[in-house]
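Each value in this text was obtained by applying a stated rule to the coordinates, not by laboratory testing. No experiment lies behind these values; they were computed from the predicted model shown. Every residue, glycine among them, receives a Cβ derived from its backbone with ideal geometry; neighbour counts consider all protein chains shown.
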Amino acid sequence: MEKLIKAWFIVTLITFGMFKLGEVMTTPYSETPSEGNLYWIVLLIGWPFLLLFIWITVRLTRRVVASVRPIGRVLLGFGSFIMAAVAFVTNQSQAASLRDGIRASTNESFVEGWNQFTNIIYMNQLTFFLVTVGCMGIGIVLSFIPTKKQREEAV
C-alpha cells in the first residue's frame, strides 16, 4: 500500500503539472493568433500519466474506503458527487465567461472548439479536481463490490 501511495503522489504531481501547463500555455484572447496550439505536445506526453493517475486513484480509493462502514461509504460517495458538481458548475461558469471575452475580441472565430485561446477551459485546476473527485467516486462505488479475496474468505 505504501508503494501505491508513493506512486500516486508522483503521478499526481506530473498530472497536475500537465493540467497547470494548460493554463500557462493558453494564449490571452487579446493577442493575435500564433502558429497554433502547442499544448498538443504536452498532451501527447501527458496522457499516459493521466490514465495512470485515474487507475491508481480509483484503486487506492477502493482500498482505503473498503475499511469504512457502509453508511460512511454512502456519505463519502454523496460528498464526492457534491464536490464534482461544484467543480463542474464553476468550470462551466468560467468557460462561458472566457467564451464571451473571445466573442468580444478580434479573435471571434476562435470561440468554439479547443484552440490556443481555449486550453484553459479544458485543462485547468477545476478539471483536475473534477477528474480526481470523479475517480474517488468510482473507487467508493467499487468498494461496495467484494473483491475476489473477500469472496473467497466468506466461503
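General remarks:
- Subset of the stretch 18-43 that is among the small types (Gly, Ala, Ser) and loosely packed, with under 15 Cβ neighbours inside 10 Å - its residue that is nearest to the chain's Cα centre (by Cα): Gly36
- Subset of the stretch 1-59 that is of a type in the set (S, T, N, Q) and part of a helix (DSSP H, G or I) - its residue that is nearest to Leu76 (Cα to Cα): Thr57
Conditions tested, residue by residue: (1) surrounded by 17 or more Cβ atoms within 10 Å (Cβ to Cβ); (2) more than 15 Å from the chain's Cα centre (by Cα); (3) not β-branched (Val, Ile, Thr).
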| residue | (1), (2), (3) |
| --- | --- |
| Leu60 | yes, yes, yes |
| Ser67 | no, yes, yes |
| Gly77 | yes, yes, yes |
| Asn91 | yes, no, yes |
| Ala96 | no, yes, yes |
| Ile102 | yes, yes, no |
| Ser109 | no, yes, yes |
| Asn115 | yes, yes, yes |
| Val133 | yes, no, no |
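- From the list Phe53, Phe9, the one residue that fits, being surrounded by 17 or more Cβ atoms within 10 Å (Cβ to Cβ) and aromatic (Phe, Trp, Tyr), is Phe53.
- Selection of first residues in the stretch 8-29 that are among the acidic types (Asp, Glu) and of second residues that are in a helix (DSSP H, G or I), restricted to Cβ pairs under 8 Å at least 6 apart or on distinct chains, gives the following pairs, ordered by first then second residue: Glu23/Asn119; Glu23/Ile120; Glu23/Gln125.
- Residue check for Gly77: more than 30 Å from Ser30 (Cα to Cα) and touching a residue at least 40 places away in the same chain (Cβ under 8 Å): yes
- Residue count for the stretch 22-52, restricted to those that are touching a helix residue (DSSP H, G or I) at 6+ places or on another chain (Cβ under 9 Å) and within 17 Å of Leu130 (Cα to Cα): 6.
- Residues that are part of a helix (DSSP H, G or I) and either buried (at least 19 other Cβ atoms within 10 Å of the Cβ) or among the polar types (S, T, N, Q) (or both), drawn from the stretch 121-131: Ile121, Gln125, Leu126, Thr127, Phe128, Phe129, Leu130
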